[in-house]
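Reviewing the structure listed below.
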Amino acid sequence: MLAGPAGPLEVAVDLPDADVAPQPVVAVFCHPLSTEGGSMHNKVVTMAARALRDLGITVVRFNFRSVGQSAGSFDNGQGEQQDLRAVVDWVRAQRPGHALWLGGFSFGAYVALRAAQAVQPAALISIAPPAGRRSWDFGDLQPPARWLVIQGEADEVVDPQAVYDWLATLQQPPQLVRMPDTSHFFHRKLIDLRGVLQHEVRPWLPENGT
């Protein structure tokens, strides 16, 4: 439990296995919509964490305010950005020499994107970012140069075309991976998701000179 802006925040730290060479990287990963059952135990979030851990990256998952043991009330992405920044501040205090990556799935992707300008991560991973939803503003975002977007082509929650249309408006587009026959929650595609993540972010690791 960490002290957060709305009270305690529930946090989990996933360390690489002992037989994996550790990387000087910590990735903070954000979960999907709190009001729809999203939490740090979501299977897409935990698979993304596993994929990164297999590369030697330490992963920090946490529950936004109002979820699990985290205090506070849902704040439609505004207070959740403050939660994320509190976790990031703690990570940077614990691992000052490590690169910080941000990631998120669905609503968590939106929160991470919105916080990126203030946090200035070395890399950003957005899985099914909910572009085109009137609830959240995707204008005037400043993601880092190393930015990966993964979108299922059969997403029934986030309109894939809305995501592609939004990305087409950006001066600096991300690495985009379109996963065919893939639903929002990556049913029967979680192993494929792990492979895509590892393939795309491996060149960003410090051991590869970046």
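The values are calculated or read from the model by the stated rules, or taken from the named source; none is laboratory data. Keep in mind it's a predicted model, so treat the numbers as computed, not measured. Every residue, glycine among them, receives a Cβ derived from its backbone with ideal geometry; neighbour counts consider all protein chains shown. Note: accessible area is taken over every heavy atom of the protein model, side chains too, but ligands, DNA and RNA are not part of it. Shrake-Rupley method; radii C 1.70, N 1.55, O 1.52, S 1.80 Å.
Regarding the stretch 55-74, can at least one residue be identified that is crowded, with 20+ Cβ neighbours inside 10 Å, free of Cβ contacts under 8 Å to residues at least 40 places away in the same chain and part of a loop (DSSP other than H, G, I, E, B)?
Among the residues of the stretch 55-74, not one is crowded, with 20+ Cβ neighbours inside 10 Å, free of Cβ contacts under 8 Å to residues at least 40 places away in the same chain and part of a loop (DSSP other than H, G, I, E, B), which makes the answer no.
Residues that are open to solvent by 20 Å² or more (accessible area, probe 1.4 Å) and touching a residue at least 12 places away in the same chain (Cβ under 8 Å): find the strands (runs of 3 or more DSSP E) completely inside the stretch 7-51 holding 3 or more of those.
The qualifying strands (runs of 3 or more DSSP E) are 11-14.
Would you call Gly4 part of a loop (DSSP other than H, G, I, E, B) and small (Gly, Ala, Ser)?
no
From Arg114, Arg133, Arg146, Arg178, which residue is in contact (Cβ under 8 Å) with a residue 40 or more places away in the chain and open to solvent by 20 Å² or more (accessible area, probe 1.4 Å)?
That would be Arg146, the only listed residue that is in contact (Cβ under 8 Å) with a residue 40 or more places away in the chain and open to solvent by 20 Å² or more (accessible area, probe 1.4 Å).
So, in the stretch 185-208, of the ones that are aliphatic (A, V, I, L, M) and either surrounded by 17 or more Cβ atoms within 10 Å (Cβ to Cβ) or under 17 Å from the mean Cα position of the chain (by Cα) (or both), which residue ends up modelled with the lowest pLDDT?
Among residues in the stretch 185-208 that are aliphatic (A, V, I, L, M) and either surrounded by 17 or more Cβ atoms within 10 Å (Cβ to Cβ) or under 17 Å from the mean Cα position of the chain (by Cα) (or both), the one modelled with the lowest pLDDT is Leu205.
Tell me whether the stretch 156-168 contains one or more residues that are within 18 Å of the chain's Cα centre (by Cα), open to solvent by less than 70 Å² (accessible area, probe 1.4 Å) and closer than 16 Å to Ala51 by Cβ.
No - not one qualifying residue is present in the stretch 156-168.
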